[in-house]
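Following: one structure in structure tokens, then a few remarks.
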Amino acid sequence: MVRFLLRRLIGLLPVMLAAMFVTFAALHALPGDPVAVMLSDHSADVGMANRLRAEYGLDQPLPTQFLHYIEDIATGRFGLSFRFVHLPVSQVLRDSLLISPVLALASLAVALTLGVLGGVFAAMHRNRIQDTAVVLVLVVGLSVPNFAIATFLVTLLSVQTNLLPVAGWGTPRQAVLPVLVLAIPSAAYVARLTRTFMLEVLQQDYMRTARAKGLSERLIVWRHAARNMLVPLVTSAGVMLGGLLSNTVVVETIFNIPGLGRLAIDSIFARDYPVAMAVVLLFVLFYAVINLLADLLCALVDPRLRRGMAG
Amino acid sequence: MSAVPAAPRSRLLRRFRRSRGGMVGAVIVVVVILVALLAPLLAPHPFDATDLLNTWAPPDHVNRLGTDRLGRDIASRLIMGARVSLLVASSVLAITLCVGVVFGGVAGLFGGTADGLIMRAVDIVLAFPEVVLAILVAAVLGTGTTTVIVALSLVWWPGIARLTRSLVLVQKQELYVDAAIVCGTPRLEILWRHILPNIAAPLLVRASIGVGFIIMAEATLSFLGLGVQEPTPSWGSMIRDGLPTLRSDPYLAMFSSIVIGVTIIGFNLLGDGLRDTLDPRLHGH
């Protein structure tokens, strides 16, 4: 187990190095002189320009700048922002840092609950009207982009009935719609996975045995059948969490939530590239860590995988 | 030659006709493609004609679906938007199929160092979530249609390359490849002339399933403001424009959401239908 963990952690290094290299290259491939942008109407002031250039380390050769860049990331400072002159990027990120992961985790919980319930429900009513209804909802949930679904949910729940606030962040009521909208595609995915899986399991011999023993339908479905879903669910939960995390950008745009993704997009428009690149790096790191955790979790849930990893 | 050489074309067609979802999808897709091709003829008004005295108009007999914040006809913009969506989708498909097949094919056929290098690159690209990759590209290239195409191509080629590699590895075991090698056929010609026709069906299925996702990704990037820019209409940016006024003028967001939803459902149903027809073994994957 420990060896597996170590190997995976070492495997992260090239990815993070590549990400740092790519973001560094992107920062320097950008058209225009950031110092000129920062100075705007003072751009004729050579002394000021030189001072800024020194503060941002832009007067040094590129390899040195790259080393400084890595050092800045390792210390968590992420360099200095272009938009808020003199301010470290870490300060700009501070208030947004936790919003996106919280959104993604809450949506994952909602997606797993709704998806498993919906999938089991459909499988239990195979080929009947309830099943067809669930499958139709699944097609919509999987195909229609969530910002298009959001249009209808906001109209229904906020505009027409005033049940929930239209936008914003901070109160639990404001979180309901964003979490729901973010969760819908994943919930549909989980439901489809669960339905297919349950249809297969319900035909196994041991299901007939359980029925013959006279167990109640509920006991059969939840204790004997649905339990086997654990491994595929944990596996896909990891993949989904990564997708959910990057999709927070969309939800934050719809509902005007000041999260990391929104900050990255705003920074692009404001030409504050160091902030945008810091968000890119953070997302890559989150993504990698999530995948690592998912693999570990799988190993915990499924002893067969654990043995495979040791060798 | 296809992956199922035993089935003549008419039987494939019959099998496809039996899939109800596939037929519904095919009808939707044909309509969308026709609309995109004939867009200038079908649009009742020029898509960029503004009318500042008639902004946010509700649907009436002049503007069937109403107007947006600049008084532009929503119906005409939706019709032109089909063209933009399909243009981006077909560009991305063309690019990713070329790049993915070449790199995946070379990796599978040659193995060794080439394989290692290409697959390492694939792993690294896959470490970036797609929206994040788009943010990165948008930072370098600025926002616009090119950014969408470049970003989505970057996201999509690794998948195609992986699939091609695994398909080529299977074909490599076949006798006809050995025969071609013995005949002294150059490796790349074996790939192009002999292996490619045998792996075309699963690649086509993959591509057709991809279209819906690419249209969705394009709309997402345009929705975020990173993609297609004004005055060119894109369904994603139309929804973005419509969302803030949902309370007073819901038509822009509503109609755009319906159009994009139906289009993607159509492409996905068609893709699933094709998959079941052309490659029954892939079912459920």
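Report the net charge of residues surrounding B:VAL106, where surrounding means a beta-carbon distance below 12 angstrom and charges are Lys +1, Arg +1, Asp -1, Glu -1.
+1
Taking the inverse of the average 1/r across all pairs of different Cα atoms in region B:199-251, what Kirkwood radius in Å do you get?
12.6
Which of the peptides A:196-204, A:278-286 is most tightly packed, and how do the rest follow, judged by the mean count of other Cβ atoms within 10 Å per residue?
Most protected by this proxy first, the peptides run A:278-286, A:196-204.
Between 0 and 90 degrees, rounded to the nearest ten: what's the tilt of helix A:62-74 against the longest Cα principal axis of chain A?
50
In a GNM of chain A with a 10 Å cut-off on Cα contacts, which of A:ALA148, A:ALA299, A:ALA188 has the highest mean-square fluctuation?
Of A:ALA148, A:ALA299, A:ALA188, the Gaussian network model singles out A:ALA148 as fluctuating most.
Equivalent-ellipsoid semi-axes (√(5λ), Cα gyration tensor) for region A:183-225, whole Å, largest first?
26, 11, 5
On a 0 to 90 degree scale, rounded to 10, what angle separates helix A:129-143 from the longest Cα axis of chain A?
Relative to chain A, helix A:129-143 is tipped by roughly 10 degrees.
I want to verify the translational diffusion coefficient of chain B in µm²/s; compute it with Stokes-Einstein, Rh as the Kirkwood radius over Cα pairs, at 10 °C and 1.306 mPa s.
76
Among B:MET254, B:MET23, what is the fewest-to-most ranking by other Cβ atoms within 10 Å?
B:MET23, B:MET254
Using a Förster distance of 51 angstrom, determine the FRET efficiency expected from the C-beta separation of A:LEU30 and B:LEU169, and round it to 0.05.
After rounding to 0.05, the efficiency reads 0.80.
Per the Debye formula with a single identical scatterer at each Cα and no solvent contribution, what log10 I(q)/I(0) holds for chain A at q = 0.11, 0.13, 0.14 Å⁻¹?
-0.84, -1.04, -1.13
Over the residues of region A:1-73, compute the C-alpha Rg and express it relative to 2.2 N^0.38 Å.
With N residues counted in region A:1-73, Rg over 2.2 N^0.38 Å equals 1.57.
Rounded to the nearest whole Å³, what is the per residue volume of the convex hull around the Cα atoms of region B:127-190?
106
Which value, in debye to the nearest 20, describes the size of the charge dipole of the protein assembly as shown about its Cα centre when Lys and Arg Cβ atoms bear +1, Asp and Glu Cβ atoms bear -1, and nothing else is charged?
2600
Take the Cα radius of gyration of region A:155-311 and divide it by 2.2 N^0.38 Å, with N its residue count; two decimals is plenty.
1.40
I'd like the orientation of helix A:2-29 relative to chain A: the angle between its Cα long axis and the longest Cα principal axis, in ° from 0 to 90, rounded to 10.
Orientation of helix A:2-29: about 40 degrees from the principal axis.
Which of B:GLU130, B:GLU218, B:GLU189 moves the most in a Gaussian network model of chain B with Cα springs under 10 Å?
Sorting by GNM fluctuation, first place goes to B:GLU189.
Is there a simple number for the mean count of other chain Cβ atoms within 10 Å of the Cβ of residues in A:287-293, and what is it?
The shielding value for this peptide is 1.
Could you state the per residue volume, in Å³, of the convex hull enclosing the Cα atoms of region B:29-181?
152
Given the alpha-carbon gyration tensor of region A:195-252, what are the semi-axes of its equivalent ellipsoid in whole angstrom, ordered largest first, with each equal to the square root of 5 times an eigenvalue?
Equivalent ellipsoid semi-axes, largest first: 34, 10, 8 Å.
Provide the FRET efficiency to the nearest 0.05 for the A:ALA54-B:GLU230 pair, computing r from the beta carbons and using R0 = 41 Å.
Efficiency at R0 = 41 Å is approximately 0.55.
Efficiency by 1/(1 + (r/R0)^6): what FRET value for B:LEU37 and A:SER40, r their Cβ-Cβ distance, R0 = 45 Å, to the nearest 0.05?
0.45
Kirkwood hydrodynamic radius of region A:52-207 from all distinct Cα pairs, in Å?
19.4
How much mean residue ellipticity at 222 nm does chain B get from its helices, if each DSSP H run of length 4 or more adds -39500 (n - 2.57) and you divide by all residues, to the nearest 500 deg cm²/dmol?
Value at 222 nm, helices only, nearest 500: -23500 deg cm²/dmol.
Report the Cα centroid-to-centroid distance between region A:206-229 and region A:94-137 in angstrom, as an integer.
Here the two parts' Cα centres lie 23 Å apart.
Can you give me the orientation-averaged projected area of the convex hull built on the Cα atoms of region A:126-198, in nm²?
So the Cα hull casts an average projection of 5.7 nm².
Cα-based Rg (one decimal) and Dmax (whole number) for region B:28-108, in Å?
18.1, 62
Determine the shape class of the protein assembly as shown: with a ≥ b ≥ c the square roots of the Cα gyration tensor eigenvalues, call it rounded for a/c under 1.5, and otherwise prolate if a/b is greater than b/c, oblate otherwise.
rounded
Bear in mind these aren't lab numbers, they're just calculated from the coordinates by the rules spelled out. In this text the structure is predicted, and so the values were computed from the model without any measurement. Here the Cβ is made from the backbone with ideal geometry for all residues, glycine too, and neighbour counts use every protein chain on show.
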